[in-house]
Amino acid sequence: MVYKRISARLGQTVDLDVAFYHGGVPADPYAIRRVEIYKTQVLPHNLVATIFVADPRDAAYPLPLVQHTVDLPAGQCGTGPQTGSPVPGKYSLMYDIPPELQAPDVYFDVWHFHTVDPCDQGTAPADCDPDSPENAARLTSCCHRFWVYPDQWFCGDGLQTVRFGFEPLDQRFHQPELRPLEVGLMPLPLYDYNYNLVNPLIPFLRATITVETQHSEMLVDAAEMSIGVRQGSYRSNPWVLRYNLDTTKFLKGTYRYRVVLHLPDGTTRASKNFILTVD
């Protein structure tokens with residue numbers, strides 16, 4: 001099973017996905033050279049793994065990375081559908097987490113890449129080595145996080161009921177937006193909940209969203225939501241439930257939606273009806 005950044009497991013595979021942008025537009029860097037994994041902080045003594053990427057001049061590039069692909073519909077002039085077309089700037093590293101790493105803890109994946117060919121700068125010598133110390137110093141880096149938990153086991157004694165509150169973070173959308181609708185997920189009581197009981201549950205939660213008109217006409221029926229991290233310093237309620245809302249599929253107007261949270265013990269928690277507006 002492949003886990004997301006929010007819920008990686010020792011001995012399992014995590015999808016470390018990254019999107020590259022140049023000038024605000026998705027774009028492929030010239031070459032991704034390596035990915036470094038750090039524990040807790042990005043410090044030299046916390047380095048736990050270095051994954052090197054194939055030479056960009058090699059047909060195997062970008063192995064061991066995977067570039068995302070998409071199936072394009074049939075075009076004009078009789079061209080058929082295009083399958084597996086690369087998505088610019090979107091890559092994933094399927095990282096197999098060693099079982100001996102420490103968990104639970106936060107880990108950092110640092111991606112090092114060349115934005116342009118270091119051997120095509122006009123002044124480069126004929127025997128230019130893209131991995132020379134001089135060119136290695138020209139690498140650009142970006143840093144991301146993922147959370148690792150010990151395994152898929154946790155224990156509950158049934159003495160305490162886990163309670164959650166929901167906070168709508170997005171209400172107004174503007175066509176033709178395609179952006180996440182986020183709902184804050186808050187363990188209750190907010191500043192006094194049982195941390196050791198609730199936190200191991202978070203990676204196993206499954207959330208769905210239902211959107212309907214004011215006249216109860218169903219538009220989105222129990223669609224899956226993802227769990228993300230909230231922006232800002234929210235130490236007691238850092239999680240959000242996220243659903244990508246495509247406003248082009250809605251008429252302008254006001255809609256209501258509800259979130260249902262499915263817990264591993266088979267119980268559910270439902271939010272009240274929230275309102276969103278598309279204009």
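What FRET efficiency comes out for Val70 versus Ala136 if R0 is 41 angstrom and r is the Cβ-Cβ distance? Round to the nearest 0.05. According to the calculation, E is roughly 0.80.
So I have [x] 22.4, 72; [y] 18.5, 53; [z] 21.5, 65, and one of them is Rg and Dmax of the Cα atoms in Å calculated from this model. Which one is it? Structure-derived value, by its label: [x]. For segment 115-263, the dipole from Cβ point charges (+1 on Lys and Arg, -1 on Asp and Glu) about the Cα centre works out to 880 debye, to the nearest 20.
With the contact rule set at Cα under 8 Å and sequence spacing of 6 or more, what percent relative contact order holds for the chain? Once normalised by length, the contact order is 16 percent.
Report the one residue of Ser7, Val70, Tyr191 whose Cα lies farthest in the direction of the positive end of the charge dipole of the chain (charges on C-beta: Lys and Arg +1, Asp and Glu -1; origin at the Cα centre). The listed residue farthest towards the positive side: Tyr191. Rounded to the nearest 20, the size of the Cβ-charge dipole of the chain about its Cα centre is 1040 debye, with Lys and Arg at +1 and Asp and Glu at -1. Residue order for Cys142, Cys155, fewest other beta carbons within 10 angstrom first, comes to Cys155, Cys142. Counting only chymotrypsin sites (Phe, Trp or Tyr not before Pro) that DSSP places in a loop and that have at most 10 other Cβ atoms within 10 Å, the longest clean stretch of the chain runs over 1-152. For segment 166-260, GluC sites (Glu not before Pro) meeting the loop criterion (DSSP other than H, G, I, E, B) and having at most 16 other Cβ atoms within 10 Å: Glu177, Glu217. Answer rounded, prolate or oblate for segment 2-149, using the Cα gyration tensor with square roots of eigenvalues a ≥ b ≥ c: rounded when a/c is under 1.5, else prolate when a/b is larger than b/c, else oblate. Note, shape of segment 2-149 comes out oblate. Counting only residues at least eight positions apart within a chain, or on another chain, the aspartates and glutamates with an alpha carbon under 17 Å from that of Lys90 are Asp15, Asp17, Asp28, Asp71, Asp109. Only Cα pairs under 8 Å and 6+ residues apart enter the sum, and on that basis the relative contact order of segment 2-149 stands at 32 percent. Applied to segment 48-54, the Karplus parametrisation 6.51 cos²θ - 1.76 cosθ + 1.60 on θ = phi - 60° returns per-residue 3J(HN,Hα) values of 10, 6, 10, 10, 8, 9, 4 Hz, with x for Gly and Pro.
Each of Ile51, Cys155, Thr140 was scored by the projection of its Cα onto the charge dipole of the chain, and the greatest displacement toward the positive side belongs to Cys155; charges sit on the C-beta of Lys, Arg, Asp and Glu.
Along the axis of the charge dipole computed for the chain (Cβ charges of +1 for Lys and Arg, -1 for Asp and Glu, origin at the Cα centre), the listed residues Ser271, Ile37, Cys128 are led at the positive end by Ser271. Let me know the shape class of segment 163-278, please: from the alpha-carbon gyration tensor, a ≥ b ≥ c as square roots of the eigenvalues, rounded when a/c is under 1.5, otherwise prolate if a/b is greater than b/c, or oblate. Verdict is prolate for segment 163-278. Exposed loop sites here are trypsin sites (Lys or Arg not before Pro) assigned a DSSP state other than H, G, I, E or B and surrounded by at most 14 other beta carbons within 10 Å; excluding them, the longest clear run of the chain is 139-234.
The lysines whose alpha-carbon is closer than 18 Å to the alpha-carbon of Lys39, local same-chain residues fewer than 8 away aside, are Lys4.
Each Lys and Arg contributes +1 and each Asp and Glu -1, all at the Cβ; summed about the Cα centre of segment 2-149, the dipole is approximately 560 debye.
Each reported figure results from applying straightforward, stated rules to the coordinates on display, with no laboratory input. The shown structure was predicted, so the numbers you read here are calculated from the model rather than taken from an experiment. Glycine gets a Cβ as well: all are built from the backbone with ideal geometry, and neighbour counts include every protein chain shown.
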